[in-house]
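Below you'll find the structure, written out as structure tokens, and then a few comments.
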Amino acid sequence: TSRHSAALPSFLLILPGIRGHSRWFWLVRVLLSLFIGAEIVAAHFSAEWSVGSVSTKTSYKAFSVERVRAHVGLHVGLEGVNITLTGNPVQQLNETIDYNEQFIWRFGQNYAGAYAEALERGLPNPVLYLAEKFTPSSPCGVYRQYRLAGHYASATLWVAFCFWLLSNMLLSMPVPHYGGLTLLITGAFALFSVFAFASISSVPLCQLRVGSSELTTHYGAAFWITLATGVLCLLLGAAVLSLHYARPSALRLFLEGSVNDLESPTKGSSPLILSNPLHKQFKTSDLTISTNL
């Protein structure tokens, strides 16, 4: 995402050098493309697919009756779960209560081992309580479903990213209909990732009680933005294909950013007259060809 954010100022700097109305068509095209690509990459690494938070008074450490007021957050992504614990206020019990712990379940990672390490480190009770709910041995039984859903959603997002790259190349070539098709495929795979992650709803998450309050989860920003991006790609792909068959000149205007081919000849321009010098020999009528420059 940092590459995309750094590229945008560069595009804006060279924008004044593009003449006429074409700069705005070029700007819209670049911004749409950057948004789609940046969203796909950012959503893949985001922990905001399923989120929940609660402010409560809860026990802080094991074997202690001390309680603290804190804000607890649960953030589920495609590759693991992120748990935050922030004191309210941050300084309590002569400690700084500000934790941000991540537990990864992607293939090749040992979630149970990471949880055992957290136990050895003596992390606060709320963090350990929520992390334990997603362990393979937990009675909740959500580990397998979340892990598989995240795996398939991640894979389909990378496929969508590859087709997004391909669509950019094809739309820069004189084959816009193939570019429109790849945009449709990009949108389809983005939606597949959303549907794959949404399969977790088939497994009810067990009740999460932190202190005296219940923590509930809902789909987060990454989920909804990915859904919107998939729909956007489908609409753009359908628009490109429709314009290719119905209004190819309008499609060329948007893709090439050139209005010269579409504008009518300038009024008042002087005609260029070509005459045939041999017409007098055969006594034919004057033949002239004129064209506007």
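The values are calculated or read from the model by the stated rules, or taken from the named source; none is laboratory data. Keep in mind that this is a model prediction, so the values were computed, not measured. Neighbour counts are summed over all protein chains in view; Cβ atoms, including those assigned to glycine, are modelled from backbone coordinates with ideal geometry. Please note that ligands, DNA and RNA were not included when accessible areas were found on the heavy atoms of the full protein model with its side chains. Shrake-Rupley method; radii C 1.70, N 1.55, O 1.52, S 1.80 Å.
Does the stretch 165-182 contain at least one residue that is under 30 Å from Ser242 (Cβ atoms), assigned to a helix (DSSP H, G or I) and under 13 Å from the mean Cα position of the chain (by Cα)? Before you say what the answer is, go through the steps one by one.
Quick first cut of the stretch 165-182, residues under 30 Å from Ser242 (Cβ atoms) only: 165-182.
Filter once more, so that each one left must be assigned to a helix (DSSP H, G or I): 165-171, 176-182.
Restricting the remaining residues to those that are under 13 Å from the mean Cα position of the chain (by Cα) gives none.
Scanning the stretch 165-182 turns up no residue that is under 30 Å from Ser242 (Cβ atoms), assigned to a helix (DSSP H, G or I) and under 13 Å from the mean Cα position of the chain (by Cα).
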* Restricted to the stretch 97-127, and to residues that are in contact (Cβ under 8 Å) with a residue 60 or more places away in the chain and in a helix (DSSP H, G or I), which residue is least open to solvent (accessible area, probe 1.4 Å)? -> Pro126
* **For Val81: the one exception among (1) buried (at least 19 other Cβ atoms within 10 Å of the Cβ); (2) more than 23 Å from Arg209 (Cβ to Cβ)** => (2)
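Right, Thr229: touching a strand residue (DSSP E or B) at 6+ places or on another chain (Cβ under 8 Å), among the β-branched types (Val, Ile, Thr) and either exposed (fewer than 14 other Cβ atoms within 10 Å of the Cβ) or closer than 19 Å to Trp158 by Cβ (or both) or not? So that I can check it myself, show each step before the final result.
Values: touching a strand residue (DSSP E or B) at 6+ places or on another chain (Cβ under 8 Å): no; among the β-branched types (Val, Ile, Thr): yes; either exposed (fewer than 14 other Cβ atoms within 10 Å of the Cβ) or closer than 19 Å to Trp158 by Cβ (or both): yes.
Spelling it out, it is not the case that Thr229 is touching a strand residue (DSSP E or B) at 6+ places or on another chain (Cβ under 8 Å), among the β-branched types (Val, Ile, Thr) and either exposed (fewer than 14 other Cβ atoms within 10 Å of the Cβ) or closer than 19 Å to Trp158 by Cβ (or both).
Name every residue in the stretch 81-96 that is more than 34 Å from the chain's Cα centre (by Cα) and not in a loop (DSSP other than H, G, I, E, B), in order of residue number. Walk me through it before giving the result.
Initial filter on the stretch 81-96 (more than 34 Å from the chain's Cα centre (by Cα)): 89, 91-96.
Of everything in the stretch 81-96, those that are more than 34 Å from the chain's Cα centre (by Cα) and not in a loop (DSSP other than H, G, I, E, B) turn out to be Pro89, Gln91, Gln92, Glu95, Thr96.
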* Asked: Within the stretch 68-76, is even one residue modelled with pLDDT under 95 and over 21 Å from Gln207 (Cα atoms)?
  -> yes
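I'd like the residue in the stretch 184-198 that is touching a Leu at 6+ places or on another chain (Cβ under 8 Å) and farther than 14 Å from Glu39 by Cβ and, out of all such residues, is least open to solvent (accessible area, probe 1.4 Å). I'd like the intermediate steps shown before the answer.
To start, the set of residues in the stretch 184-198 that are touching a Leu at 6+ places or on another chain (Cβ under 8 Å) comprises 184, 187-191, 193-194, 197.
Still in the running and farther than 14 Å from Glu39 by Cβ: 184, 188, 197.
On the way: Leu184: 48, Ala188: 29, Phe197: 1 Å².
Looking at residues that are touching a Leu at 6+ places or on another chain (Cβ under 8 Å) and farther than 14 Å from Glu39 by Cβ, I get Phe197.
Would the stretch 139-146 turn up any residue that is in contact (Cβ under 8 Å) with a residue 12 or more places away in the chain, under 30 Å from the mean Cα position of the chain (by Cα) and in a loop (DSSP other than H, G, I, E, B)? Please lay out each step first, then the result.
First, pick out the residues of the stretch 139-146 that are in contact (Cβ under 8 Å) with a residue 12 or more places away in the chain: 139-143, 145-146.
If we keep only those that are under 30 Å from the mean Cα position of the chain (by Cα) too, we end up with 141-143, 145-146.
Now drop any that are not in a loop (DSSP other than H, G, I, E, B), which leaves 141-142.
Yes, the stretch 139-146 contains a residue that is in contact (Cβ under 8 Å) with a residue 12 or more places away in the chain, under 30 Å from the mean Cα position of the chain (by Cα) and in a loop (DSSP other than H, G, I, E, B).
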* Within the stretch 52-74, is even one residue charged (D, E, K, R) and within 28 Å of Trp224 (Cα to Cα)? -> no
* Taking the stated definitions as given, is Leu205 outside any helix (DSSP H, G or I), of a type outside the set (Asp, Glu) and touching a residue at least 40 places away in the same chain (Cβ under 8 Å)? -> yes
* **Pairs where the first residue, in the stretch 237-250, is open to solvent by 50 Å² or more (accessible area, probe 1.4 Å) and the second is part of a helix (DSSP H, G or I), C-beta under 7 Å, 6+ apart** => Leu243/Ala250; Leu243/Leu251; His244/Pro176; His244/His177; His244/Gly180; His244/Leu251
* Asked: Of all residues in the stretch 97-118, how many are more than 22 Å from Trp158 (Cβ to Cβ) and at pLDDT below 90?
  -> 0
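Please enumerate the residues belonging to the stretch 82-96 that are in contact with a helix residue (DSSP H, G or I) (Cβ under 7 Å, 6 or more places away or on another chain) and either among the small types (Gly, Ala, Ser) or under 21 Å from Ala153 (Cβ atoms) (or both).
Filtering the stretch 82-96 down to residues in contact with a helix residue (DSSP H, G or I) (Cβ under 7 Å, 6 or more places away or on another chain) leaves 83, 85.
Hit for the stretch 82-96 is Ile83, nothing else.
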